[in-house]
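Encoded as structure tokens, the structure appears first; notes follow it.
What follows is calculated from the coordinates using simple rules that are stated; it is not laboratory data. This one's a predicted model, so the numbers in the text were calculated from it and none came from an experiment. Don't worry about glycine lacking a Cβ; one is built from the backbone with ideal geometry, like all the others, and counts go over all protein chains shown.
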Ligand code: G3H
Ligand code: 13P
Ligand code: ZN
């Protein structure tokens, strides 16, 4: 059943994080629902602008509505990932989304506040919550000096002011991660001091971690052994850091890249081993099973696994 994002945040805050998984197609949706039921976990389905344009936005909505019928026990929210202002209004007016993200983090502070404020007004009028972003996520790369790196992170005082002025319901913060398969190197990791400093300024307010994939190196190696050419050695977020971050207030953890790696590994290995094969279903079946396993493991690391019965009870389901 689709529930408000804020309801999931209220139950999870300070205890565990809700996994927010991007989907683009039927196979990812089936794997996601199976994995979340297997691990007895609530979850957030994320739809990006690219995903809405991949086939047609109606297709994803239809697939998700059907999945909710196939898995009646599932409890989840539907979220627009990295929206611009117009796409946010489109999703708010569609009546399908639990929450939207307005990503105006590339704009100056005042402009970010103004855009977010407009989206918040439209969303709240329909009972939908809004995630905003403050800070520079992609800026924390290995060739940037330490001082510069810290300057890219979200400033705690600015975060407090931003939340007050914009009225947003959750905030994506720059705490050392970046999107994609090439993230951290050497001893880099999450900036726990920064998470603590932000959370101290806004206690009880849900923080969101983007770029949270762990980019497992054995996955990257398997892809390359099956003909891929991904750069090796660029690790992502250590999965053991999800829960400590969640206890500090990181309530939503965004994962897309790791799922793409599962898809790439399964399909590369399958067609390398079976070059005579041209039926799409055998590989699709393997992918759905592997994706479900991947999701269940992620939920365990996030601490959300096993919470479904108490979440259902708290929401009166
Ligand atoms: O952060 C972005 C997500 O990984 C979605 O990626 O815009 O290519 O669908 P996408
Ligand atoms: P990853 O690229 O680390 O999976 O991050 C996904 C994300 O932040 C989606 O908004
Ligand atoms: Zn993101």
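Annotations for the structure displayed:
- Among 109, 33, 205, 278, sorting on how many other beta-carbon atoms sit within 10 Å of each Cβ, with the fewest leading, yields 278, 109, 205, 33.
- Per the Cα gyration tensor, region 206-254 maps to an equivalent ellipsoid with semi-axes of 28, 9, 7 Å, ordered largest to smallest.
- Cα centroid separation, region 166-226 to region 21-64 (Å): 21 Å
- One decimal place: the segment residue 59-residue 272 gains 73.6 nm when fully extended, by the rule 0.36 nm per residue minus the C-alpha distance.
- Based on alpha carbons, the Rg and Dmax found for region 233-317 are 16.9, 52 Å.
- GNM flexibility winner over the chain from 29, 55, 251 (Cα, springs under 10 Å): 55
- Listed from fewest to most Cβ neighbours within 10 Å, the set 106, 124, 267 follows the order 106, 124, 267.
- The chain: most fluctuating residue of 207, 26, 272 per GNM, C-alpha cutoff 10 Å: 272
- Sorting the Cα pairs of region 1-101 by distance into bins of 5 Å, from 0 upward, gives 2, 13, 25, 26, 19, 10, 3, 0 percent per bin.
- Most mobile of 284, 95, 135 in a GNM of the chain (Cα contacts under 10 Å): 95
- The reciprocal of the average 1/r between distinct C-alpha atoms defines the Kirkwood hydrodynamic radius, which for region 1-40 equals 11.6 Å.
- Ranking of 280, 134, 248 by count of other Cβ atoms within 10 Å, fewest first: 280, 248, 134
- Taking only the Cα atoms of the chain, the ratio Rg/Rh comes out at 0.96, with Rh defined as the Kirkwood radius.
- For region 173-308, the average shadow cast by the Cα convex hull is 9.2 nm², which is a quarter of the hull's surface.
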